[in-house]
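The values are calculated or read from the model by the stated rules, or taken from the named source; none is laboratory data. These numbers come from a predicted model, not from an experiment. Please note: Cβ atoms are built from the backbone with ideal geometry, for glycine as well, and neighbour counts cover all protein chains shown.
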Amino acid sequence: MKTTRNNLSAAGMSNNKVKYSRLAADEDGYIDLQFKKSPPKVPYKAIALAVFLFLVGSLLIIFGALLLSGTIKVEHPDRTIPVIIIGLLVFLPGFYHLRIAYYAAKGYRGYSYDDIPDFGD
């Protein structure tokens, strides 16, 4: 069967070797709005807890260092090491989450409020 130029154009095909495809007349169900990220929800309770842990840990470390150095006189100087250890254990998570919150607020790449655990509503 011999095809002519009129038959090819009527079928929507072209005579050259480049393949074309028609665009869909209707949309395929996707809209740009569904791919936009909503503004991040700031976990205020978690940040307040991080500030509290940071401050308490800092005070315990400072107080323990003053006890250990002898600036503050105590009867049992061997009890000053646990104060420093507890201070470090409280300070580290507070510092870590405050750092994430700070970098997320400044918009640094790779930091998000989603990295801070939230307590729910």
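Just checking, which of TYR96, TYR103 is of a type in the set (Ser, Thr, Tyr) and out of contact with any Phe, Trp or Tyr (no Cβ under 8 Å at 6 or more places or on another chain)?
Of the residues listed, the single one that is of a type in the set (Ser, Thr, Tyr) and out of contact with any Phe, Trp or Tyr (no Cβ under 8 Å at 6 or more places or on another chain) is TYR96.
Residues being of a type in the set (D, E, K, R), more than 30 Å from TYR113 (Cβ to Cβ) and assigned to a helix (DSSP H, G or I): count how many of those fall in region 63-103.
Selection size over region 63-103: 2.
Taking interchain pairs and intrachain pairs at least six residues apart, which have beta carbon atoms under 7 angstrom, with the first residue in region 55-79 and within 17 Å of PRO93 (Cα to Cα) and the second surrounded by 15 or more Cβ atoms within 10 Å (Cβ to Cβ) and of a type in the set (A, V, I, L, M)?
VAL56/VAL90; GLY57/VAL90; LEU60/VAL83; LEU60/ILE86; LEU60/VAL90; ILE61/ILE84
Could you grab the pairs with beta carbons closer than 9 Å, sequence gap of 6+ or different chains, first residue in region 80-103 and of a type in the set (Asp, Glu), second one not in a helix (DSSP H, G or I)?
The qualifying pairs do not exist here.
Can you tell me which condition VAL42 does not meet? The list is (1) outside any helix (DSSP H, G or I); (2) modelled with pLDDT of 85 or more; (3) farther than 27 Å from HIS97 by Cβ, and all the others hold.
Single failed check for VAL42: (3).
Considering only residues that are outside any loop (DSSP other than H, G, I, E, B) and either closer than 11 Å to ALA50 by Cα or touching a helix residue (DSSP H, G or I) at 6+ places or on another chain (Cβ under 6 Å) (or both), which ones fall in region 104-121?
ALA104, TYR113, ASP115
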